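To keep things clear, I will list the structure first and then write my remarks on it.
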Amino acid sequence: MSEKAPSTKKRKAVQFNLELIKRYNKAGPRYTSYPTAVQFTESFNSKAYAGYARQSNEPIPRPLSLYFHIPFCSTLCFYCACNKFITKKKEHGAPYLDRLFREIEMQGRLYDQDRRVEQFHLGGGTPTFLSMEQLSELLRVAGRHFTLLDDDRRDFSIEVDPRTITAGSVEELKQIGFNRISLGVQDFDPKVQRAIHRLQSEESTLAILEAAHSLGFRSTSVDLIYGLPFQGVESFGTTVEKIIKARPGRLSVFNYAHLPDLFSPQQRINAEDLPSPEEKLDILSQTINQLTGAGYRYIGMDHFALEGDELSEAQDSGTLYRNFQGYATHSDCDLVGLGITSISQVGDCYSQNDRDLESYYARIDKGKLAVVRGVGLTEDDRIRHWVISQLMCYGQIGFSAFTEQFDADFFTYFKEAHPELGQLEEDGLVVIDEREITVEPAGRLLVRNVCMVFDAYIPESATKRRFSRVI
Ligand code: SF4
């Protein structure tokens, strides 16, 4: 094992190594949780969740993060793999909110009022399917049952579909209480937009972003997708350049995985129009160069953030963590998910709400929580969760920190991992010295492969074929 001690600067760098990527490009979890959702079982129900929630009030009342899932969208994007309902009828919003309000009330009873809500996030679907009045009411109801932090240290964000609001609406979102905004863009090229059934004006998208900046939103974020039909290095590069000019604090650049047998909307995408795997890798390589060259840090997986953005700062200060929305700050929060399909991460458990709208309504109408599956973490899960989080968030595992946390020697605990770790080191994905394991710049795009070495469920999970390829 090497004696080399990598610098912080090196840990932040990312290097595109085509040969390694091709060799290690196999299916694997994205590690937004550990254990992953494949391990959730129905024996973990609402009662089990309520027990963990009450226990989490003691001994130290951690702050809370609330996530609300709004499942409606007016039109179908053909690449979409989300749990959503396509409807143009805005009247679907009211009965859903009615159940969500009752769920907020039930959840609010589980948590002590001295637990402040530092984070509040609306995702979907399309949260802006709801009217401004409905969004405002949602915050008011949440504020009646939870203690919402009421100064600008709070992190209140909303995912916005730029086709559903105008630049003028951004001020209303601010007045309602949001101080962070995230925009779905995907690609500005009209030919790509037609092929994915998502026609979105470049001008109005950029105007929304500009409005958020001039109104002083604490963070703006943009989602792009590479690997969509008719995308090429040049055309996608043009989209990336336009976004760089608009200077969002954060960017997510997701890989489109074409799985039409699993996600029926994707059957409307013609496989022959997709870029080849080689072209996709070229697009990815160029995108990384463009973003890192323009002052964005590669945080990990699909995420980039400007130096100075709170995501970059959290990575430096050790408060970054991964949850079902990707990378997040405020690692000390318990995450409470509300609405259909939402996932909670409270104390040492994960739980998920019903994915079906009608049965979600039926459970709430009976006065029950909507949790239908989940998992309580064992001591071994907690240890592996810590190790995988360190790799995903910081690209390293410190051996003394491990011993301090778990009163165990790292290499003794993971003795079965030695051969695989040795191989990863030989291939240049990691460096191992007497103090730590560090993911090398060439291994950062393949960090999931490093995590898989510590995943006790991989053999079982792999057979379930639920995961996308690493790149
Ligand atoms: S991509 Fe977003 S807006 Fe499009 S259908 Fe899916 S959830 Fe709705």
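Each value in this text was obtained by applying a stated rule to the coordinates, not by laboratory testing. Just so we're clear, the structure is a prediction, and the values are computed from it rather than from any experiment. No Cβ is skipped: glycine too gets one built from the backbone with ideal geometry, and neighbour counts run over all protein chains shown.
Observations on the model:
- Among LEU338, LEU148, the ranking by other beta carbons within 10 Å of each residue's beta carbon, starting with the fewest, stands as LEU148, LEU338.
- A crude spin-label estimate for the pair SER169 and GLU203, with each label 7 Å from Cα along the Cβ direction, gives 1.8 nm.
- Low-density loop cleavage sites - GluC sites (Glu not before Pro) in the range 374-459, where at most 14 other Cβ are within 10 Å (DSSP): GLU434
- Other-chain or far-sequence residues with amide H under 5 Å of ILE158's (modelled H): LEU122, ARG180, ILE181, SER182
- Among PHE254, PHE324, PHE178, PHE236, the order by Cβ neighbours within 10 angstrom, fewest to most, reads PHE254, PHE324, PHE178, PHE236.
- Efficiency of FRET between ASN45 and LEU139 - r from beta-carbon atoms, R0 22 angstrom, step 0.05: 0.15
- Restricting the trypsin sites (Lys or Arg not before Pro) of the range 103-203 to loop positions (DSSP other than H, G, I, E, B) with no more than 12 neighbouring Cβ atoms within 10 Å leaves ARG109, ARG153.
- Per-residue ³J(HN,Hα) for the range 404-410, Karplus 6.51 cos²θ - 1.76 cosθ + 1.60, θ = phi - 60°, Hz, x for Gly and Pro: 4, 5, 10, 6, 8, 8, 4
- Taking every alpha-carbon pair within the range 37-346, the share separated by more than 30 Å comes to 34 percent.
- Pair HIS92, ALA271: separation of 7 Å Cα→Cβ label points (nm): 3.0 nm
- Length-normalised contact order of the chain in % [C-alpha pairs under 8 Å, at least 6 apart]: 24 percent
- Amide H contacts under 5 Å for THR147, placed H, 5+ residues apart: VAL117
- Counted over the chain, the DSSP beta bridges are approximately 45% antiparallel.
- Full extension of the chain between PHE411 and SER74 gives 116.1 nm of extra length, using 0.36 nm per residue less the Cα-Cα distance.
- Table column - 3J(HN,Hα) (Hz), the range 264-277, Karplus curve with 6.51, -1.76, 1.60, x for Gly and Pro: 4, x, 6, 5, 8, 9, 7, 4, 5, 8, 7, x, 5, x
- Across the range 391-396, coupling constants 3J(HN,Hα) worked out from phi with the 6.51/-1.76/1.60 Karplus curve, θ = phi - 60°, read 5, 5, 8, 10, x, 7 Hz, and Gly and Pro carry x.
- Full extension of the chain segment joining HIS418 with ARG355 gains 18.7 nm, where the gain is 0.36 nm per residue of separation less the Cα-Cα distance.
- In terms of its C-alpha gyration tensor, the range 67-148 has a prolate overall shape, because the principal axis ratio a/c (a ≥ b ≥ c, square roots of the eigenvalues) is not below 1.5 and a/b outweighs b/c.
- Seen from GLN55, the other residues with C-beta closer than 11 Å to its C-beta sum to a net charge of -2, counting Lys and Arg as +1 and Asp and Glu as -1.
- The ranking of MET392, MET132 by Cβ neighbour count inside 10 Å, starting from the fewest, reads MET132, MET392.
- In the chain, the calculated helix contribution to ellipticity at 222 nm averages -11000 deg cm²/dmol per residue, counting -39,500 (n - 2.57) for every DSSP H run with n ≥ 4.
- Spacing of the two label points (7 Å from each Cα toward its C-beta) at ALA37 and LYS245, in nm: 3.7 nm
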